[in-house]
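In what follows, a structure is listed as structure tokens, so that the remarks can point back to it.
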Amino acid sequence: MYVAVKGGERAIDNAHAWLAEERRGDLGVAELSVAQIRAQLSLAVNRVMAEGSLYDPDLAALAIKQARGDLIEAIFLIRAYRTTLPRLGASCPVNTAEMAVIRRISATFKDLPGGQVLGPTFDYTHRLLDFKLAAEGEAAQAATAPAAMEAVPHVMAMLDRDGMIEAEPLGNDVPADLTREPMELPGSRALRLQAITRGDEGFILSMAYSTQRGYGRTHAFVGELRIGAVAVEMEIPELGFAVEIGEIELTECETVNQFKGSKTEPPQFTRGYGLVFGQTERKAIAMSLVDRSLRWAELGEDYTGAPAQDEEFVLMHADNVQATGFLEHIKLPHYVDFQSELELVRRLRAEVFATQEAAE
Amino acid sequence: MMQTPLEAATPNSESLAARKAWMGLLARAKPGRLADLFPELPAHDLLRAPEIGAVMVRGRIGGTGQPFNLGEMTVTRCALRLGSGAVGHAHVQGRDKGHAVRAAVVDALMQTNQAEALRATVLVPLQAEEVARRANRAAKAAATKVEFFTLVRGEDQ
């Protein structure tokens with residue numbers, strides 16, 4: 001039970017003023033600009049865009065600054081902001097086959113058209129702290145090499161040609177949108193992907209990891225992981241044709257998983273899919289594992305009771321803004337609830353003591 | 001002869017492709033750069049005042065299958081009419097209203113006899129800078145391409 005409580009305004013105002021001062025920190029240190037956050041903490045910016053579910057690097061950088069680097073708080077700010085925006089429409093589905101890739105690797109094929117492109121990766125770094133970064137150094141410069149400037153084919157298309165992997169035929173159904181209607185479970189795969197791509201990275205990572213450790217095994221290989229820019233096109237009703245309205249960076253992961261076959265399907269590989277805003281490869285890989293794990297029913301696999309097979313468990317607990325809201329509300333005043341609990345326990349104790357006294 | 005709305009909406013495919021290309025280029029342009037290249041706005045009437053909103057970006061399951069909702073992006077739109085009667089539209093990425101107005105003005109002017117001059121002063125530089133930016137990223141990516149080589153093994157000798 002919640003009761004409106006008056007008072008505390010001065011304390012709240014002063015707490016917020018102090019928050020602002022703490023946010024700025026030591027005045028002897030230069031203030032961080034939004035442009036610096038955007039440019040130099042870009043992976044934090046990408047996470048806030050992905051889980052805030054709004055692609056706008058400047059806003060995400062501002063939210064990180066305002067939230068003092070608390071990314072879940074920043075995601076909350078972005079989610080709150082997006083509710084103020086009118087919905088101008090929905091884009092045509094982006095074509096990731098046309099992505100201008102800066103990174104593209106496959107764990108299943110060594111030699112593939114377009115090659116293995118590492119991009120700006122942490123992989124193969126030694127994870128030793130680089131104290132040179134603590135001092136002001138010269139700007140690093142990347143090497144260059146002649147580039148073909150053409151789209152590289154999806155690895156899955158190669159397997160698909162031979163019928164070695166389940167087909168993913170083109171469709172044009174209007175997908176369910178959990179930002180418009182409450183999620184209804186069981187949901188479509190489209191609804192699940194929307195919930196997972198905006199879900200908490202830590203939660204999705206742990207769910208994916210649990211499948212690798214044996215809780216709902218799906219034996220995933222990364223068929224392809226690609227990062228790069230794609231064009232976003234939208235039909236403009238007053239024009240009667242589609243135009244590009246911008247360009248966004250995405251991370252896409254496709255997994256290849258074992259499948260024994262069924263009465264109607266011959267043995268073939270199956271797919272898990274991950275697609276996330278920004279350079280967010282840990283999330284995209286995890287997403288593809290969780291997507292595949294949740295497909296057990298349609299593929300006729302056994303339900304083993306694993307958490308990552310439980311759609312309700314995964315989808316209802318993936319959102320860190322919802323989780324934070326419910327978790328943290330218990331710190332807010334519950335004086336009346338607690339008062340009634342207090343009186344109940346006092347009464348029960350009095351009854352116990354009275355019975356004991358009567359027995360003696 | 002007056003054009004009916006239907007004729008206006010279905011120009012020949014070549015001019016439609018050209019218009020789509022410049023509208024996309026203007027949408028992707030950095031607002032500051034567009035303002036540098038095209039500082040003075042001619043007189044115009046707003047048909048739709050610049051409005052900031054969100055577009056739901058969709059992906060496809062497995063890259064090729066059914067659509068799903070990936071998340072939104074910020075977009076600003078605007079429609080206007082120049083004194084000459086030319087109508088311009090813009091849907092541009094981000095939240096810069098000046099960007100949307102400028103893009104709509106350029107879209108309108110590109111449908112007039114000023115098109116060639118505007119192409120040279122605004123579109124060509126924007127296009128060149130975009131191509132250079134993309135080529136630079138692609139060249140860096142190309143430098144990180146793995147060149148596999150197989151070590152000579154004993155049994156091969």
Estimated inter-spin distance, A:Ala15 and A:Arg87, nm [label 7 Å along Cα→Cβ]
3.5
Calculated from backbone phi, Karplus (6.51, -1.76, 1.60) coupling profile of the stretch A:199-206 in Hz, x at Gly/Pro
x, 5, 4, x, 5, 5, 4, 5
Within a Gaussian network of chain A (alpha carbon springs, distance under 10 Å), most fluctuating of A:Met49, A:Met156, A:Met234
A:Met234
What list of ³J(HN,Hα) couplings, whole Hz, do you get for the stretch A:160-165 from phi and the Karplus terms 6.51, -1.76, 1.60, once you set θ to phi - 60° and write x for glycine and proline?
5, 4, 8, x, 6, 10
Using alpha-carbon positions, what is the distance between the centroids of the stretch A:295-331 and the stretch A:177-214, in Å?
7
What is the calculated FRET efficiency for A:Ala229 to A:Ala139, with r their C-beta to C-beta distance and R₀ = 30 Å, to the nearest 0.05?
0.85
Which aspartates and glutamates have a Cα lying under 12 Å from the Cα of B:Lys30, excluding residues fewer than 8 positions away in the same chain?
A:Glu247, B:Asp96, B:Glu129, B:Glu130
Going by how many other beta carbons lie within 10 Å of each one, how would you line up B:His99, A:His154, A:His334, fewest first?
A:His334, A:His154, B:His99
Cut-off 10 angstrom, C-alpha nodes, Gaussian network model of chain A. Which of A:Ile64, A:Ile72, A:Ile245 fluctuates the most?
A:Ile245
For chain A, longest principal axis from Cα atoms; helix A:9-24 axis from its Cα atoms; angle between them, nearest 10 degrees, is 40
Order of A:Ile37, B:Ile52 under a 10 Å beta carbon neighbour criterion, fewest first
B:Ile52, A:Ile37
Among the aspartates and glutamates, which fall within straight-line cross-link reach of B:Lys145, defined as a Cα-Cα distance under 13 Å, with same-chain neighbours fewer than 8 residues apart omitted?
A:Asp111
Just how far, in whole angstrom, is the stretch A:31-76 from the stretch B:42-86 if you go by their alpha carbon centroids?
23
Degrees, to the nearest 10: A:42-52 long Cα axis against longest axis of chain A
70
Quick one: net charge of B:Thr76's neighbours, Cβ under 12 Å, K/R +1, D/E -1?
+2
Counting Lys +1, Arg +1, Asp -1, Glu -1, what net charge surrounds A:Leu315 among other residues with beta carbon under 13 Å of its beta carbon?
-4
Neighbourhood net charge (9 Å Cβ-Cβ; Lys/Arg +1, Asp/Glu -1) for B:Phe148
-1
Taking chain A and counting helices only, DSSP H stretches of n ≥ 4 at -39,500 (n - 2.57) each over all residues, the nearest-500 ellipticity at 222 nm comes to -12000 deg cm²/dmol
For helix A:335-359, report the angle its Cα long axis makes with the longest principal axis of the Cα atoms of chain A; keep it between 0 and 90° and round to the nearest 10°.
50
Find which of A:Tyr209, A:Ile37, A:Gln339 sits farthest along the positive direction of the dipole of chain A, computed with +1 on the beta-carbon of Lys and Arg, -1 on that of Asp and Glu, about the Cα centre.
A:Tyr209
GNM on chain A, C-alpha springs below 10 Å: top fluctuator among A:Glu136, A:Glu311, A:Glu168?
A:Glu136
First check a/c for the stretch A:9-82, with a ≥ b ≥ c the square roots of the eigenvalues of its C-alpha gyration tensor; if it is under 1.5, answer rounded, and if not, answer prolate when a/b is larger than b/c or oblate otherwise.
oblate
Karplus-derived 3J(HN,Hα) from phi for the stretch A:86-96 (6.51 cos²θ - 1.76 cosθ + 1.60, θ = phi - 60°), whole Hz, x at Gly and Pro, runs x, 7, 7, x, 10, 7, 5, x, 5, 9, 6
Near the amide H of A:Ile245, under 5 Å away, which other amide H atoms are found, from residues 5 or more places off or on another chain, if H is placed in the peptide plane?
A:Val232, A:Glu233, A:Met234
Arranged by the count of other C-beta atoms within 10 angstrom, fewest first, what order do A:Ser293, A:Ser340, A:Ser42, B:Ser13 take?
B:Ser13, A:Ser340, A:Ser42, A:Ser293
Given Cβ point charges of +1 (Lys, Arg) and -1 (Asp, Glu) and nothing else, what value in debye, to the nearest 20, does the dipole of the stretch A:180-245 about its Cα centre take?
560
Checking the table A:Lys132/B:Lys140; B:Lys20/B:Lys97; A:Lys110/B:Lys140; A:Lys110/A:Lys132 against a 29 Å threshold on Cα-Cα, which pairs fail?
A:Lys110/A:Lys132
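Coordinate-derived values only; no laboratory data. Bear in mind that the values here come from a model prediction, so they are computed numbers and not experimental data. Cβ coordinates were reconstructed from backbone atoms using ideal geometry, including for glycine residues, and neighbour counts include every protein chain displayed.
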